[in-house]
1. Which ones in the range A:351-372 are free of Cβ contacts under 8 Å to residues at least 60 places away in the same chain, surrounded by fewer than 24 Cβ atoms within 10 Å (Cβ to Cβ) and of a type in the set (Gly, Ala, Ser)?
2. Being of a type outside the set (D, E, K, R), more than 22 Å from the chain's Cα centre (by Cα) and closer than 20 Å to A:Val227 by Cα narrows it down to one residue among A:Phe204, A:Phe162; which is it?
3. Out of (1) at pLDDT below 90; (2) within 11 Å of RNA strand B (Cβ to nearest atom); (3) of a type outside the set (D, E, K, R), what's the single condition that is false for A:Leu96?
4. If you scan the range A:54-87, which residues turn out to be more than 55 Å from the chain's Cα centre (by Cα), aliphatic (A, V, I, L, M) and surrounded by 14 or more Cβ atoms within 10 Å (Cβ to Cβ)?
5. Might you check whether a residue that is on the phi > 0 side of the Ramachandran plot and surrounded by fewer than 17 Cβ atoms within 10 Å (Cβ to Cβ) occurs anywhere in the range A:266-286?
6. Name the residue, out of A:Ala206, A:Ala175, that is farther than 18 Å from A:Phe287 by Cα and open to solvent by less than 70 Å² (accessible area, probe 1.4 Å).
7. Looking at the range A:220-242, which of its residues are exposed (fewer than 14 other Cβ atoms within 10 Å of the Cβ) and touching a strand residue (DSSP E or B) at 6+ places or on another chain (Cβ under 7 Å)?
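The values are calculated or read from the model by the stated rules, or taken from the named source; none is laboratory data. Not measured: the values here are computed from a predicted model. Backbone-built Cβ (ideal geometry, glycine too); neighbour counts: all protein chains shown. With ligands, DNA and RNA removed, areas are computed over all heavy atoms of the protein, side chains included. Shrake-Rupley method; radii C 1.70, N 1.55, O 1.52, S 1.80 Å.
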Amino acid sequence: MLDIKLIRENPELIRESMHKRQMDPSQVDEVLRLDEKRRALILDVEVKRSERNSVSKEISRMKDPDERNIKIEAMRLLGDEISALDEKLRAAEQALTAAVAVIPNIPDDDVPIGVDDKDNIVIRQVGTPRSFDFEVKPHWDLGTALGIIDFEGGVKLSGSRFYVLSGVGARLQRALISWMLDQHIRQGYLEKYTPWMVHAEVLFGAGQLPKFEENLYHDHLEDFWMVPTAEVPLTGLHMGEILDESELPINYTAYTACFRREKMSAGRDVRGIKRGHQFDKVEMYKFCLPAQSKDEHQKMIADAEQTCAELGLTYRVLLQSTGDLSFGAHKTYDIEVWAPGCQEWLEVSSISNIGDFQARRANIKYRPADGGKPEFVHTLNGSGLGLPRTLIAVLENYQQADGSVVIPEVLKPFMGGIEVIRA
RNA sequence: GGAGGGAUGGCCGAGUGGUUCAAGGCGCCUGUCUUGAAAACAGGUGUGGGGCAACCCACCGUGGGUUCGAAUCCCACUCCUUCCGCCA
């Protein structure tokens, strides 16, 4: 959420940022109108409240019952006015919050202007795609032949876009999760195991609600929402808190399943395990001082890259254009790994500097060491990494002519002696 | 699921309708004193909003209600806790 004062004082900046994102900026005018309405009501009601407070004090000191009753009657009427104004004010505030809540974050100045993900810029590529002297198989063929991915089982249980990992396949994913978490702990993150269902308030704080309600699963009897990413509970951990400057930066890592409704067009990304309603992910998250966020962003990218590199995957880093930049992000890099079987670059990580956008929504501040007023922290999040696509890349890159798959060196300690996956 | 107890400022804790709309203590900051520190003493010390400012308004778990006036009374809810029951 943007600062209403910033919008009030610098509406042109916001309009421009919405233009960059290919959005209609008329929402800014709506916000300004609602803000003015709200402030007028505040002025009105507070003058009346102030009067009631002082007269009520007078009443408590009055001895003459007649005079007293006259005042009480007057205050009764004033009270009715205040109630009516209060109701209007509450409605005005709700309308304003709702209007501000759908304005996206301001992109950083060096985010390239673009229409969609085709305008993202490749910053660097590390490694070269492995060359094969046999016919490369996509993971859906490999996985089925090896008996480690069971697509029919997934359909039987939950329909399309669900799958079952079996035997060494399930174990390989578990190995990846454990290894990645250990990796992030070494990189200085504190591991958290959080609830995978949270209250609506937490989703609002993380910026998912109200705008992305249609992409979320939730319990219809109680206020429980399935997390679409660990970013949500990790943000929520410090909701409404004032942190000490000396605690920052705070680095968290967490493994969760992620649940997303995804209005996927039929026929797109249907094969394999690339895109589903439920997938696992290891997440990295930071709370830091505003002045630290640029550096922390680069560190987080390096942390994710290290994960790709140690797995021996060929990857590239892209800077998202304004057309692809997500609603709450100030600046985002994607990491894509090469999958020789599908013949495509797969996005395994999206690493964003959110600035104070999320902190303002979730009300997370820090108290400066010099004793100044509390300020909003900056937050950053990044996948480290998304499991299904990492699994795809590992299977497809480590396949051999006979259809077997070699386990990457770093995962061997987690595989109980298994070095090659065979049918 | 049943019965009881509880929720107050960074922390502890007083406060059952107004004459200080948060006492007192701890912690923290500043000053005095001191060679320095401690102690003692004095003052200060929450968050948000509105206003150019003086200043004003709101907030005692959350949401309603009663009242001229609510931390205080009423209703509902949430969370914590004790005991009982059930349970992986």
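1. Answer for the range A:351-372, where residues must be free of Cβ contacts under 8 Å to residues at least 60 places away in the same chain, surrounded by fewer than 24 Cβ atoms within 10 Å (Cβ to Cβ) and of a type in the set (Gly, Ala, Ser): A:Gly371, A:Gly372.
2. Working: A:Phe204 fails: more than 22 Å from the chain's Cα centre (by Cα).
One residue alone meets the criteria, A:Phe162.
3. Single failed check for A:Leu96: (1).
4. Residue satisfying the conditions is A:Met62 alone.
5. Here is the first cut: in the range A:266-286, the residues on the phi > 0 side of the Ramachandran plot are A:267, A:269, A:272.
Checking the rest, the ones that are also surrounded by fewer than 17 Cβ atoms within 10 Å (Cβ to Cβ) come to A:267, A:269.
The answer is yes; a qualifying residue exists.
6. Details: A:Ala206 fails: farther than 18 Å from A:Phe287 by Cα.
When all the criteria are applied, what remains is A:Ala175.
7. If the condition is that a residue be exposed (fewer than 14 other Cβ atoms within 10 Å of the Cβ) and touching a strand residue (DSSP E or B) at 6+ places or on another chain (Cβ under 7 Å), then A:Ile242 is the only one that fits.
Residue by residue, here is whether (1) at pLDDT 90 or above; (2) more than 9 Å from RNA strand B (Cβ to nearest atom); (3) in a helix (DSSP H, G or I) holds:
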{"site": "A:Lys5", "(1), (2), (3)": "yes, no, yes"}
{"site": "A:Asp24", "(1), (2), (3)": "yes, yes, no"}
{"site": "A:Asp44", "(1), (2), (3)": "yes, yes, yes"}
{"site": "A:Lys57", "(1), (2), (3)": "no, no, yes"}
{"site": "A:Ala84", "(1), (2), (3)": "no, yes, yes"}
{"site": "A:Glu87", "(1), (2), (3)": "no, no, yes"}
{"site": "A:Ala91", "(1), (2), (3)": "no, yes, yes"}
